[in-house]
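Trainee: Please read through the structure below; I'll follow up with questions.
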Amino acid sequence: MIFITGGAGFIGSNFVLDWLSQNDEPVINFDKLTYAGNMNNLASLRQDSRHIFVHGDIADTAQVASLLAQYKPRAIINVAAESHVDRSILGPAAFVETNVNGTFGLLEATRAYWSALTNADKTAFRFLHVSTDEVYGTLGPDDAPFTESTRYAPNSPYSASKAASDHLVRSYHHTYGVPALTTNCSNNYGPYHFPEKLIPLIITNAREGKPLPIYGDGQQVRDWLYVTDHCAALRRVLEAGKPGETYNIGGWNEKTNLHVVHALCDILQRLAPKAHGSYRDQIVYVTDRPGHDRRYAIDARKIERELGWRPTESFESGIQKTVQWYLSNQDWVRDVQSGVYLKWLEKNYMQREAKPEASD
Ligand code: NAD
Ligand code: TYD
């Protein structure tokens, strides 16, 4: 089986759903259920014995160690993180706690578990660390896209904490021999994306008649990748990536934020026409994000050349599917906005009676 951390978040839940739709290998899903973790994303797996959910924190080395001893996974995929740049500006401490100390705690449990495996299991084992292109900092308009050898130059507390975690992972490979791989991916979008990130925020605000906020001049560029393409890339790296290597993953889809917002407004206008005027009328320009990176772009040739992965979704097809998904899943949006999804732990454990300890 495989052990995933952060599997109730945006990318993690897409990965788990995708994984179990492709094969029957069970998944242990270990998640702290912060504001970003949503068990509704995994509702279709409620009765599925291939999915085992465990609530916990990656910083808790003892809990992770005991789960590894119990389930003996052949691979760990570390998706858990604090992931939102704007939140990292308002409160960086949680980012250092989870992304740096948490990754360290997870690596310590992994090292102990891996060291005790047989030689054959040691060789087959993989630790896949899911990271971001934001560790490379920002590009000028004519700069070449980020490659795997671009110097790290993180600019936000989020990207700095992810950069630190990447370095820790690298050191556990070089120092202890843990068969670790790191992926650095560009901006994802698609189903189950938390509606405070640009694309879901614009879709939900547009439908609710609220302002569509553009930071600064809206000319910042991101390289957008449909989330299931990212999941396919992670599966491929797990299957064929070389331990110690890093792989950049991107969509070959550089778009300005303004282009993205216009595209969303135009698709909404077609699928859910506004009675009066156009969704574009709701656009407002707001004060820019401090330290806002101007441009990200990924050179994804290495993963294509060495592992044969390329995105299948174009920006036009992916964004259309995404809008359609949000229009068809209003209940999911409503539960997130009302905070109902946060009640999962309470509900789950309230339904379970405490029993006297089972005897052997
Ligand atoms: P997300 O914020 O939607 O999900 C993070 C998940 O991790 C949540 O389920 C949360 O409950 C869980 N979590 C947080 N702290 C934890 C802890 N201490 N222990 C256990 N679980 C914890 O994030 P996402 O957008 O799905 O991103 C996942 C990963 O992919 C992150 O590492 C991020 O850096 C990376 N990434 C994201 C993007 C993107 O565009 N979203 C792009 C490239 C890379
Ligand atoms: P975001 O989805 O937060 O992802 P990231 O910061 O990781 O790239 O933001 C994507 C881009 O959209 C980024 O350049 C900031 C911009 N943005 C806005 O212009 N308005 C908004 O309300 C938000 C949330 C983001």
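The values are calculated or read from the model by the stated rules, or taken from the named source; none is laboratory data. Keep in mind that what you see is a predicted model, and the values were worked out from it rather than measured. Neighbour counts run over all protein chains shown; Cβ positions are idealised from the backbone, glycine included.
Trainee: Which number in (1) at negative phi; (2) in contact with a helix residue (DSSP H, G or I) (Cβ under 9 Å, 6 or more places away or on another chain); (3) more than 14 Å from ligand 1 (Cβ to nearest atom) marks the one condition that His173 misses?
Mentor: (2)
Trainee: Turning to a different aspect of this structure: In the range 65-85, how many are over 25 Å from Val237 (Cα atoms) and within 12 Å of ligand 1 (Cβ to nearest atom)?
Mentor: 1
Trainee: Please work out which residue is nearest to Ile2 (Cα to Cα), limiting yourself to the range 203-247 and to residues that are polar (S, T, N, Q) and within 16 Å of ligand 2 (Cβ to nearest atom).
Mentor: So the residue we want is Thr204.
Trainee: Do any helices (runs of 4 or more DSSP H) entirely within the range 33-123 hold 2 or more residues that are in contact with a Leu (Cβ under 9 Å, 6 or more places away or on another chain) and modelled with pLDDT of 95 or more, and if so, which?
Mentor: Those helices (runs of 4 or more DSSP H) span 61-71, 103-115.
Trainee: Same structure again: Report, ordered by the first and then the second residue, all pairs with beta carbons closer than 9 Å, sequence separation of six or more or different chains, a first member in the range 207-224 that is surrounded by fewer than 17 Cβ atoms within 10 Å (Cβ to Cβ), and a second member that is of a type in the set (Lys, Arg) and part of a loop (DSSP other than H, G, I, E, B).
Mentor: As it stands, the answer is Gly209/Lys274; Tyr215/Arg289; Gly216/Arg289; Gln219/Arg294, since those pairs meet every condition given.
Trainee: What single numbered condition from (1) free of Cβ contacts under 8 Å to residues at least 24 places away in the same chain; (2) closer than 18 Å to Ala59 by Cβ fails to hold for Thr150?
Mentor: (2)
Trainee: Which one is nearest to ligand 2 (Cβ to nearest atom), of the residues in the range 61-71 that are of a type outside the set (Gly, Ala, Ser) and either within 15 Å of Thr98 (Cα to Cα) or without any contact (Cβ under 8 Å) to a residue 60 or more places away in the chain (or both)?
Mentor: Val64
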